[in-house]
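This report concerns only the one structure given below.
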Amino acid sequence: MANQDLEDVLTKSRILVLLGAGGVGKTTTSIVMALLGAKAGRRVALLSIDPARRLATALGIPLGNSLERLKIPAALGISGSVDAAMLDQKAVFDAMVYRHAPSPRVASRILAHPVYKAASTNLSGPLEYMALAKLQELTEDARYDLIVLDTPPDTHALDFLARPNVLSGFMENRVMSWLIKPFALAGRFGLGRLVGMGEKLMGGIAKVTGVSALRSFADFLVLMQEVIEGFHQSGEKIVKLLHRQDTRFMLVTVPTLAAARSASNIATELAALGYRASLLLFNRCVPAPVRTDFATVPMSLKERSPALTGLGYKLAGEERVVAALAARVATAQAEGPTPLFLADREHDVGSLEALLELGDELERAAGR
Amino acid sequence: MLDPTPFFTKKLLLVTGKGGIGKSLVTAALGQLAAERGLRTLLVENASQDQLGPLFGLPALGHQESQIQPQLSCLNIGSEENFREYVVKYLGQRMLYETVFSNRLVKSFMSTVPGLAEVMLLGRLFYIAELKEGERPDLVVFDAPASGHFMSLMTTPDAVLKSSLGGPLVRETERVNGFLASPDKCAVLYVTVPEDLVVSEAVEFLPRLAAASPARLGGVVVNRVPAPDPVLDELALQHPTPVSIYLEERRAAAREALQTLRLGLDELARGSAALALATLPELGFIDEPLGRGFGERFLAGRGPAGGEV
């Protein structure tokens, strides 16, 4: 294999987390990496969060909480396997509630609660956190020796890594009991009973949200107390998992200034959180033969053709972006990975064959 | 080209689309042209890292308003500071904020209330575009979250109105919803690119958005459309080379994707007014900072070496 970093990740890592801005081909790359892992004989679990689901549909990956084996033709001689899941917010959330609720009865009361219904389906929720929860569950599963994790496609990519701690502040000093319980009781005995400090605070919140909403929410949180505590404990385990030696991070980007800026920010934050990117991939580059051939196109033609002029800008821009980002990543984390490149394709990748081809190309890639 | 004139009479433009297709670039171009036509314009984003300022060569400033050029500023609304602004300026509850909401524990409690961040973001946009005293912008262009999150954002007011929430929050959400739903004040622009999977996603997403969003879909913008190129056509015909084959294949794929999109939009428009579809040119590479007049050239459809789309 041409790239030592890539071989290292594929054979030695236990968890591989992909990071990058939206629209840089992260989900596609996560499937390619899972397939390469299987080629290296690993038993791979792939967790993805592709909101468009087009790729998932094309590959027959179900939406939900359960993993499904990808059908890889035996003729390809791939010794490992890939089980993939396209995470669905509600399904993962429900599973977490069942897992951590003190009794099935409490679990079903939670699932039927209006606040829960709104939080778990309608409104944007902590999808990232749930992916991490699922990650933790899978690392306890002996059937898998490599877990590939795709992260949500937005600019808040790093919330994902900070997320495990998000509930700790909440749980500190048992804030829940302190703030919520009196309020739930007030629901029963009337607001006149709200006299303590926590109660005053809750009264203030009620001025904005209305009393009945808060009562309903407080009621819900009391019900959720043990579940949240369970979430919190998983969160702490996840932080440990992510800091393990065999957890690797892959930075995915495209060679544009905007995407490189996001990638550079991610690399900096990653380093600040004590992690490092082991792989840096540039998707959608101009193919090398085209780059070479472009040098032979006469200047007179280039000037008169918008497509050729544009391609000229693109080639020059790509070179600048790649050099600058590789240098930034190297500075952020003391030692940067050798960049990998994948060529841009005329059609979006939508089949197993095309994904396997990308995998071959990635393995051949030895930089430029 | 994209004729921006009908959009420049609005108060708030919401620009959305899949990630990585030039949403921020279209936001920046619209805002710049509006400013150069004399409108006081504010570009807004809600991101952990600034995207818009750096496009114009400004350092990432975090969550404060900064001027780009005359009449044009940008602001990245962050959740934490938005919470304060919302409670203090919008709900007019400074005392309440200082005694209750500045409490760290209360903040962490509020961050778990589903939908609250979304309601406050929309409320803040409403406040900036419509209520703010003094130096109010003529036009706010919001580089909105990518499709999926945008859908959550736009369905939140309805969810709040149907929930058990009450008090000022619900009253204000009603006003915000009314503002978003008025077609002469707000419009959604959906940005896409001529690639097969991206376009199928658009065709699947747009009818759902049109059905659920209070703000009206004002137009669909296709970014990165190759300009007509007789020089390349001749080259491809006479001496095909790796370069001409590469470019021709992409142009064919783009034509096909555009066709798929047109069919999808016709389907969506059935029974109602046709939806404007504008195309913007493939520029090859977006260099920064964007210079003066970039918005005008780009929106007029002028690509590299002049060709128009």
Rounded, prolate or oblate: which one fits the stretch A:7-75, using the alpha carbon gyration tensor with axes a ≥ b ≥ c (rounded when a/c is under 1.5, else prolate when a/b beats b/c, else oblate)? oblate
Local electrostatic count, B:L283, Cβ distance below 12 Å [Lys/Arg +1, Asp/Glu -1]: +2
Distance cut-off 32 Å, Cα to Cα: go down the list A:K26/B:K162; B:K11/B:K162; A:K302/B:K10; B:K162/B:K185 and report the pairs above it. A:K26/B:K162; A:K302/B:K10
Show me, for the stretch A:261-272, the HN-Hα J-couplings you get by feeding each phi into the Karplus relation (A = 6.51, B = -1.76, C = 1.60, θ = phi - 60°), rounded to Hz, glycine and proline as x. 5, 4, 4, 5, 4, 4, 4, 5, 5, 4, 4, 5
Given a Förster distance of 30 Å, report the FRET efficiency between A:H347 and A:E319 from their Cβ-Cβ distance, rounded to the nearest 0.05. 0.70
Förster-model FRET efficiency, 22 Å R0, A:K240 and B:S48, C-beta, rounded to 0.05: 0.35
About its Cα centre, chain B carries a charge dipole, from +1 on Lys and Arg Cβ atoms and -1 on Asp and Glu Cβ atoms, whose size in debye to the nearest 20 is 1020 debye
Using amide H atoms built 1.01 Å from N in the peptide plane, name the residues 5+ places from B:A278, or on other chains, whose amide H lies under 5 Å from its own. B:V220, B:V221, B:V222
In whole percent, what relative contact order does the stretch B:5-306 give with Cα contacts below 8 Å and a gap of six or more residues? 24 percent
Specify the angular offset, from 0 to 90 degrees and rounded to the nearest 10, of the alpha carbon long axis of helix B:167-181 from the longest principal axis of the alpha carbons in chain B. 20 degrees
Farthest towards the positive end of the dipole of the stretch B:5-306, among B:G62, B:P214, B:F285 and with Cβ unit charges of +1 on Lys and Arg and -1 on Asp and Glu, lies the Cα of B:P214
Using 15 Å as the cut-off for backbone N distance, which residues of the stretch A:269-292 belong to the label zone defined by a point 7 Å from the Cα of B:E81 along Cα→Cβ? none
So for R0 = 41 Å, FRET eff. of B:D184-B:S102 from the Cβ-Cβ r, to 0.05, ends up at 0.60
Counting only DSSP beta bridges with both residues in the stretch B:5-306, tell me the antiparallel percent, nearest 5. 10 percent
From the phi of every residue in the stretch B:210-227, what ³J(HN,Hα) in whole Hz does the Karplus formula 6.51 cos²θ - 1.76 cosθ + 1.60 yield, where θ is phi - 60° and glycine or proline is x? 4, 6, 9, 7, x, 6, 6, 6, x, x, 10, 10, 9, 8, 6, 8, x, 6
For the stretch B:217-263 and the stretch B:63-104, write down the distance between their C-alpha centroids in whole Å. 45 Å
Ordered by residue, what ³J(HN,Hα) values in Hz, to whole numbers, does the stretch B:45-57 give under the Karplus form 6.51 cos²θ - 1.76 cosθ + 1.60, where θ = phi - 60° and Gly and Pro are x? 9, 9, 9, 5, 10, 4, 10, 6, x, x, 4, 9, x
Starting from the amide H of A:R248, placed 1.01 Å from N in the peptide plane, find each other amide H under 5 Å away whose residue is 5 or more places distant or on another chain. A:R14, A:I15, A:L16, A:V17
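Please go through the residue pairs B:K23/B:K89; A:K207/B:K23; A:K90/B:K18; A:K240/A:K314; A:K90/B:K23 and name each one whose alpha carbons sit more than 31 Å apart in this structure.
Pairs exceeding the cut-off: A:K207/B:K23; A:K240/A:K314.
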Please list the non-local residues whose amide H lies under 5 Å from the amide H of B:N76, H modeled 1.01 Å from N, same-chain partners needing a gap of 5 or more. B:E45, B:Q64
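If each residue of separation counts as 0.36 nm, what is the full-extension length gain between A:R14 and A:A142 once their alpha-carbon separation is subtracted? It would help to have the intermediate numbers written out before the result.
Values: separation 128, 0.36 × 128 = 46.08 nm, distance 1.17 nm.
Difference between extended and current length: 44.9 nm.
Since every read-out is calculated from the coordinates, none of them should be taken as a lab result. Computed from a predicted model, the values in this text were never measured in an experiment. All Cβ positions, glycine included, derive from the backbone under ideal geometry; neighbour counts span all protein chains shown.
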